[in-house]
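Following: one structure in structure tokens, then a few remarks.
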Amino acid sequence: MPGTPDEPDFSGLGGGEEQAAEDAVQEVVNWYNTQIITERRAPVPDEERIEELKAGRQAALADQAQLATADPEEAERIAAVYAARLRELSES
């Protein structure tokens, strides 16, 4: 039971959706960073792929910046979108 001595009640603090969204977007940015580094280190880097990866990373960074003013519902939506995107990227 939240609020008992064994389990503090942090429900009134808020911010959970925003932090989850921030974490999800950051994971996607990290994935892009790793892919960009890997591609640049390839014997023959694919410049087109690097540009696509950089564009994807930039879009994620723009969404991350929007989180500063997002309400909890928007933050929850962004978290879900980026969690799904990370799964999709990781499977490719």
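Any read-out appearing in this document is the output of simple, stated calculations on the displayed coordinates, not a laboratory observation. These numbers were taken from a predicted model, which means no experiment stands behind them. In this analysis, Cβ positions are derived from the backbone assuming ideal geometry, glycine residues included, and neighbour counts consider all displayed protein chains.
For this structure, a couple of remarks:
- If the condition is being surrounded by fewer than 11 Cβ atoms within 10 Å (Cβ to Cβ) and assigned to a helix (DSSP H, G or I), then the stretch 66-92 contributes ALA68, THR69, GLU73, ARG87, GLU88, SER90, GLU91.
- For VAL25, the criteria (1) touching a residue at least 24 places away in the same chain (Cβ under 8 Å); (2) over 17 Å from the mean Cα position of the chain (by Cα) hold in every case but one, which is (2).
- Look at the stretch 68-92: where a residue is over 12 Å from VAL25 (Cα atoms) and without any contact (Cβ under 8 Å) to a residue 24 or more places away in the chain and a partner is buried (at least 17 other Cβ atoms within 10 Å of the Cβ) and not acidic (Asp, Glu), sitting 6+ places away or on another chain with Cβ atoms under 9 Å, you get GLU74/ALA21; GLU74/LEU67.
- A count restricted to the stretch 43-65 and to residues that are in contact with a helix residue (DSSP H, G or I) (Cβ under 8 Å, 6 or more places away or on another chain), assigned to a helix (DSSP H, G or I) and among the acidic types (Asp, Glu) stands at 1.
- Residue selected from the stretch 33-49 under the condition among the aliphatic types (A, V, I, L, M) and surrounded by fewer than 17 Cβ atoms within 10 Å (Cβ to Cβ), by the criterion farthest from the chain's Cα centre (by Cα): VAL44
- Taking first residues from the stretch 28-40 that are over 23 Å from ALA84 (Cβ atoms) and partners that are among the aliphatic types (A, V, I, L, M) and surrounded by 13 or more Cβ atoms within 10 Å (Cβ to Cβ), the Cβ contacts under 9 Å between residues at least 6 apart in sequence or on separate chains come to GLU39/ILE50; GLU39/LEU53; ARG40/ILE50.
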